[in-house]
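Trainee: So that we are looking at the same thing, I have put the structure below in structure tokens.
The values are calculated or read from the model by the stated rules, or taken from the named source; none is laboratory data. All values derive from a computational prediction rather than experimental measurement. For neighbour counting, all protein chains shown are included, and Cβ atoms are generated from backbone atoms with ideal geometry for every residue, glycine included. Keep in mind that these areas ignore ligands, DNA and RNA; they rest on the heavy atoms of the full protein, side chains included. Shrake-Rupley method; radii C 1.70, N 1.55, O 1.52, S 1.80 Å.
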Amino acid sequence: MLSNIGISLVVLISILSLMIIYTASFDLKISRPVIKKSIYKLSLFQTTFTVLCFFTLIIGFINSDFSIINVYENSHTSKPFFYKIAGTWGNHEGSLLLWINILVIFSYLFLVFNHTHDKKFRLYTLICQNILILGFLFFLLLNSNPFNSIHPIPIEGLGLNPILQDPALAIHPPLLYVGFVGCSIYFSAAIASLLSSYSGKLFAQSIKIWVKISWCFQTLGIIVGSFWAYYELGWGGFWFWDPVENASLLPWFAITALMHSLIVLEKRNALYPWVIILCLLTFILSVTGTFLVRSGILNSVHTFASDPARGVYILLFLSFMILSALTIFFLKHKKETYNFNLKSKETFILANNWFMIFFLVTVLIGMLYPIFLDVLTNVKISVGPPFFNIVIIPLVVPLMFLMAIGPKFSWIKSQKKILYKILFPILGAVVINLFIYYFFGKYSLLSNLIFISALFLVLYTLLDIKKFINEKIKTGLPRIISHLGFGLLVFFIGINYQFSFEEDFNLKVGEIKKMNKYEINFEAIKIKESKNYKAVIGNFKLTNFKNDLVQYLNPEIRVYSNPETLTYEAAIKTKITSDLYLTMSNVSRSDYYNIKFQNKPFMIWIWISALMIALGGFVQLTLKKNEN
Amino acid sequence: MKINILKIIIFSFVIFFLCVFWVGLKKTKNYDTKTLIGSRISNFQLTEINNVDQYISEEDLKKNKFTLINFFASWCAPCRAEHKYLLNLSSKGKKIKIIGINFKDKKNNAINFLKELGNPYNFVGMDLKGKFSILFGIYGIPESILIDNNLIIIKKFVGPIDQTHYNEILKLIQ
Amino acid sequence: MKINIFFFIIYIFITSTAHSSNNQTKLLEVYKNLRCLVCQGQSIADSNSDFAATIKLVVQDQFNDGKTEVEIYKFLTSKYGEWIVYQPAFNKNNFLLWILPYAVLIFGGFIIFLLVRKTKHNKVN
């Protein structure tokens, strides 16, 4: 029954989308400056039914309605309530329905909140967005329908994958999708702007809030995903330059560049073609990322199970999107005369874009090169963390210097004042860096530069904060929070990388491993039977020689029965100053266990600074009414 | 005019990219070390499973027209499945000799395994820690390498040898 | 001025690989740079598979024999192909991979330079 309701709703939404496109195209030709009321109604109906459709699927999961194949494959009666709901979007078909929901909701909100803007512009946006919606609806109906039913109805579901039953992993997709899919609306708006020859400044104003919203959620989504990887995957790392991670990073670079360029477009009415290109690029990157990850063309730890037909469809859709966007851009863009003041904020924003695009291209090349090489020459290579780290990290140094100086540049009138402002943070940064270098350990020139530039950004921004507290202005506060967060993030990642301690060794029960600063005593193995798994728990006594502190760590190896999975649960002890990380896996056909022990300084500060970056964005959303 | 050429270039690039993706979709994702075929095996020295004074090196393999180097273990289920093909091959006499390398196993378990299923090997070597497997570019058990008398790798079999593989080998050793 | 920046960056590139020379750290670095062939996108350092355990032993042996990182990678690449190493070698197959990002960087810088220069001209006029 639910299955039928679901499918009918999907068909209904498709019809509504077609009707919207038809009515809107008609209304374009009418000279009245107001959009026909019926279009608003159609859009509202479309939104209502789409949300209802999603709820239908959720209800299917809550009720464990196994007549729906999707519920059967991805849920189980003994799954906790929260994870039953999260199971809705934790699979390919369900997540596709979530994509469509976001596309539709944003389409409606954009229509409704922009009534001060030009009618043609809004109608074209609506049409373009609905073409995208239709594309995804067809994909859903033809290939990835979450409402397909199965007979006879199975008694129990298959989906009790323990790895998916985690709070971070549950909210990670919706957060990320608001980012990924949210950029569809300014893709459509960009096309609309080209087709209706809309003014750059007004265009910037219409999409500003959407860019900021998608940026905030994309940032948060990436952080949550990284957080989950650290706690759950058991390797002590938080970023692996894995294709799925890279796929979420590509749009992030583009949205960041766009967010900064919009400032220039709005204030000076310059860079319009470039902003259009960024708007188009962002959603194209989102869909490309989806293609790379879900088609099976790339090899990754956290891909969904792949089906070749999926890849074909997404590729066709992507091709259509790129080629039409490109055609429209070439046909409709006009040359722009630039009037830049070199020593102004605009140049720094251009520099920001320059770096963002560089990082974007690097990650993109790193992801795509193996595919191209394989197709063209049949040689298979791997491009992994070393490539990305070597190419990207050195350029973060100049970026941070520019991030500090850039935002306030137009306000500094005299040369002397500039030097004065920079002198104190630079000196402070160099001194602190030398302090760390001499007292805690030597490191390479590059690391020195990373620390100095990060500290410079932090100190400079802190000075800014002092100024704001004194003068009580609120504008610029979001930017300060985000930039400060970025500086701190790079600083703490640097510290963590330089001063992390790692050991990989094999131990039997009863054995002791002595290291320079620590001693680990493998005291015992205990077996625990839990509701749906059996765990082998290791009792490890950790002694810190420096302060004679004794701690107990209990990593686990879990064997789940339904489905049969093996997971390794790391023992993590988090303190303000460092994290202790211990994982254990057993060596096949042996009494030995392979132990990985890590001491990671300031790990929690990495999360705090990353969240700070996102916080800046959210603060700006709440300030939107007051800022000029 | 210049702008138009630029547009055509960009368009062609995009279409090129999309075509590569298209072809990329069809390719196999699983990696197999086919790159080794045509290269010579490394020098090695393996002790016999029963007798530490007896050993074999790559020099000894030059005497054979063809040698099949087979990595196996008593704890490996697919190894049991392929064993009968190995026995058949061992009866082909002068054309092909089979060397067995016992991988990460206990000596007694391996000997019992061979007692139970039959011994197709001219020589059974011990690879207690598995390090020899890396020397031969092995990454799973069972895996077999077919070489000629110049120690050049002709074929690699990842996974158990089945009927098709067996026929292939027969053809190759003619 | 821009040329100097470029060479400075190259210098950093070269020195970026030189840091703390603890043996255990070096070993772990090698593990992290090797791909587990039977896993879906994990390094030898992160993987718990049998294959990873074997590779670790072999790498340890070679290290103790005095072999350098480059020699170890060369050895493993000769057995398993380039796929096993995460850092792509700089050879005729891969040089595009390493050069393209910097080419884009220089190209981008060039465009910005042109833009700013055009502005100066406009201002003068």
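Trainee: When the stretch A:509-546 is examined, which residues are found to be open to solvent by 70 Å² or more (accessible area, probe 1.4 Å) and assigned to a loop (DSSP other than H, G, I, E, B)? Break it down into steps so the answer makes sense when it comes.
Mentor: To start, the set of residues in the stretch A:509-546 that are open to solvent by 70 Å² or more (accessible area, probe 1.4 Å) comprises A:509, A:512, A:514, A:516-517, A:523, A:526-529, A:531, A:534, A:545-546.
Hits for the stretch A:509-546 are A:509, A:516, A:517, A:531, A:545, A:546.
Trainee: Then there is this: Considering only residues that are open to solvent by 40 Å² or more (accessible area, probe 1.4 Å) and facing chain A (nearest Cβ under 7 Å), which ones fall in the stretch C:94-110?
Mentor: Answer for the stretch C:94-110, where residues must be open to solvent by 40 Å² or more (accessible area, probe 1.4 Å) and facing chain A (nearest Cβ under 7 Å): C:100, C:104.
Trainee: Turning to a different aspect of this structure: Give just the number: which of (1) open to solvent by less than 10 Å² (accessible area, probe 1.4 Å); (2) under 20 Å from residue B:48 (Cα atoms) does residue B:123 not satisfy?
Mentor: (1)
Trainee: So in the stretch A:287-308, with the set limited to residues that are farther than 18 Å from residue A:251 by Cα and away from chain C (no Cβ under 14 Å), which one is modelled with the highest pLDDT?
Mentor: A:295
Trainee: Condition first: buried (at least 18 other Cβ atoms within 10 Å of the Cβ) and either assigned to a helix (DSSP H, G or I) or modelled with pLDDT of 95 or more (or both). Now tell me which residues in the stretch A:585-606 satisfy that.
Mentor: A:603, A:605, A:606 - these are the residues of the stretch A:585-606 that are buried (at least 18 other Cβ atoms within 10 Å of the Cβ) and either assigned to a helix (DSSP H, G or I) or modelled with pLDDT of 95 or more (or both).
Trainee: Looking at A:211, A:224, which is the one that is in a helix (DSSP H, G or I), outside the structural domain of residue A:479 (by TED's automatic domain parsing) and open to solvent by less than 20 Å² (accessible area, probe 1.4 Å)?
Mentor: Exactly one residue qualifies, and that residue is A:211.
Trainee: Got a number for residues in the stretch A:357-375 being open to solvent by 20 Å² or more (accessible area, probe 1.4 Å), facing chain C (nearest Cβ under 7 Å) and over 15 Å from residue A:390 (Cα atoms)?
Mentor: Counting residues in the stretch A:357-375 that are open to solvent by 20 Å² or more (accessible area, probe 1.4 Å), facing chain C (nearest Cβ under 7 Å) and over 15 Å from residue A:390 (Cα atoms) gives 2.
Trainee: So which helices (runs of 4 or more DSSP H) stay within the stretch A:3-120 end to end and still have 2 or more residues that are in contact with a helix residue (DSSP H, G or I) (Cβ under 7 Å, 6 or more places away or on another chain) and open to solvent by less than 10 Å² (accessible area, probe 1.4 Å)?
Mentor: A:37-62, A:69-74, A:92-113
Trainee: Taking the stretch A:376-392, which residues are in contact with a Ser or Thr (Cβ under 7 Å, 6 or more places away or on another chain) and at the interface with another protein chain (Cβ under 7 Å from one of its Cβ atoms)?
Mentor: Of everything in the stretch A:376-392, those that are in contact with a Ser or Thr (Cβ under 7 Å, 6 or more places away or on another chain) and at the interface with another protein chain (Cβ under 7 Å from one of its Cβ atoms) turn out to be A:390, A:391.
Trainee: While we're here: Within the stretch B:137-151, take every residue that is surrounded by fewer than 21 Cβ atoms within 10 Å (Cβ to Cβ) and in contact (Cβ under 8 Å) with a residue 24 or more places away in the chain and give me the one that is farthest from residue C:78 (Cα to Cα).
Mentor: Here the answer is B:149.
Trainee: Does any residue in the stretch A:98-123 that is closer than 16 Å to residue A:203 by Cα come within less than 6 Å, Cβ to Cβ, of a residue that is of a type in the set (Lys, Arg) six or more places away or on a different chain, and which pairs are these?
Mentor: A:114/A:122
Trainee: Pairs, please: C-beta under 9 Å, at least 6 apart or cross-chain, first residue on the phi > 0 side of the Ramachandran plot and in the stretch C:70-93, second modelled with pLDDT under 90 and surrounded by fewer than 17 Cβ atoms within 10 Å (Cβ to Cβ)?
Mentor: C:81/A:379; C:81/B:34
Trainee: Here is a further query. When you scan the stretch A:309-328, how many residues do you find that are more than 18 Å from residue A:125 (Cα to Cα), within 25 Å of the chain's Cα centre (by Cα) and either at pLDDT 95 or above or not basic (Lys, Arg) (or both)?
Mentor: Number of matching residues: 9.
Trainee: Does the stretch C:38-56 include one or more residues that are more than 10 Å from every other protein chain (Cβ to nearest Cβ), surrounded by fewer than 20 Cβ atoms within 10 Å (Cβ to Cβ) and not hydrophobic (A, V, I, L, M, F, W, C)?
Mentor: Taking every residue of the stretch C:38-56 in turn, none turns out to be more than 10 Å from every other protein chain (Cβ to nearest Cβ), surrounded by fewer than 20 Cβ atoms within 10 Å (Cβ to Cβ) and not hydrophobic (A, V, I, L, M, F, W, C).
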